[in-house]
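One structure is given below, encoded as C-alpha cells.
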Amino acid sequence: MSNQPLRVENLHLWRGERHVLRGLTFSLGRGTCLQVKGPNGSGKTSLLRTLCGLIYPEEGRVLWDGEDVRRDLRAFHARLAYLGHEPPLKGDLTAGENLRFWVGVRRRLSLADLDAALARAGAGGCSARLVRTLSAGQRRRVALAGLALLAVPLWLLDEPTTNLDADGQELVGQLIAEQLARGATVIAAVHHDLPRAVPAIEQLELAA
C-alpha cells in the first residue's frame, strides 16, 4: 500500500473548445489535504468530477494505490465520498431517511450513530424534517453528517463551506482534520482558504 495513494498523471480535459486541464500531474499522501483554488471557470469542479470518474479526460489517468481507477470504477467509488455544490439529498425524504439510504448502502448504520452524527453537525433537530423544508445551511450540515458517517479513505469536496455560518465553517475544518488524522486523503476545491483547524494542507492553483 503506497504512502501516496492518489496519483494524477498528465491529465488533459477539454470542455467544448476550452482546454480546461492542461497536463496536470500530482501525487497526494495519506493524512494530507489538497486545497484547489482558482477563478471561476478554471476547472476546479471539473477536476473533482474527473478524479471520481464522472468525467472522462481526453488524456492522462488517475491512480489509487498504484491502480488505474478506471479498471474497476465501482471498487474505487466504494473508497471515496464526493460532496458537490448541491448536497446529495432527496427533498421529499427526511434528513434521517436520506442518511439511512445514502450511508446505509455502504455500511451498517444504527439509529444512535445517525443521531450522534446529526447532533455533531448541528442538525440534530432536522432528523424528522423533510429536506425540502430545510435551509441551504441546514441541508449542508445534514450532508456533512453523512460524509462523516461514510468512513472512506478519500474525500472530494466542492466548496464544502458553502451556505454555512462561522460555526459551520469551523465544523468543516474539524471534520477534515479528523479525517486526516485517520490517515485519509482529502481534496477540496475552494474560493477561500479552508478553516485553520485543517493541518497538512498542500496547494494547487488552477489558471483561468
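The values are calculated or read from the model by the stated rules, or taken from the named source; none is laboratory data. In this text, all values refer to a predicted model and were calculated from it rather than measured experimentally. When we count neighbours, we look across all protein chains shown, and the Cβ atoms used for this are built from the backbone with ideal geometry, even at glycine.
For the stretch 107-139, filtering for residues that are touching a strand residue (DSSP E or B) at 6+ places or on another chain (Cβ under 9 Å) and surrounded by 15 or more Cβ atoms within 10 Å (Cβ to Cβ) leaves 5.
Taking (1) out of contact with any Phe, Trp or Tyr (no Cβ under 8 Å at 6 or more places or on another chain); (2) farther than 30 Å from Ser127 by Cα; (3) crowded, with 18+ Cβ neighbours inside 10 Å in turn, Gln4 satisfies each apart from (3).
Among the strands (runs of 3 or more DSSP E) confined wholly to the stretch 1-61, which include 3 or more residues that are over 18 Å from the mean Cα position of the chain (by Cα) and either outside the structural domain of Ile201 (by TED's automatic domain parsing) or at negative phi (or both)?
Result: 6-15, 18-28.
Can you find a residue that is over 23 Å from Leu47 (Cα atoms) and in a loop (DSSP other than H, G, I, E, B) anywhere in the stretch 142-154? No, the stretch 142-154 contains no residue that is over 23 Å from Leu47 (Cα atoms) and in a loop (DSSP other than H, G, I, E, B). Give me the residue from the stretch 145-201 that is in contact (Cβ under 8 Å) with a residue 40 or more places away in the chain and touching a His at 6+ places or on another chain (Cβ under 8 Å) and, out of that set, surrounded by the fewest Cβ atoms within 10 Å (Cβ to Cβ). Per the stated criteria, the residue is Glu159. Of all the criteria given as (1) assigned by TED's automatic domain parsing to the domain that holds Asn3; (2) part of a helix (DSSP H, G or I); (3) over 19 Å from the mean Cα position of the chain (by Cα), the one not satisfied by Arg74 is (3).
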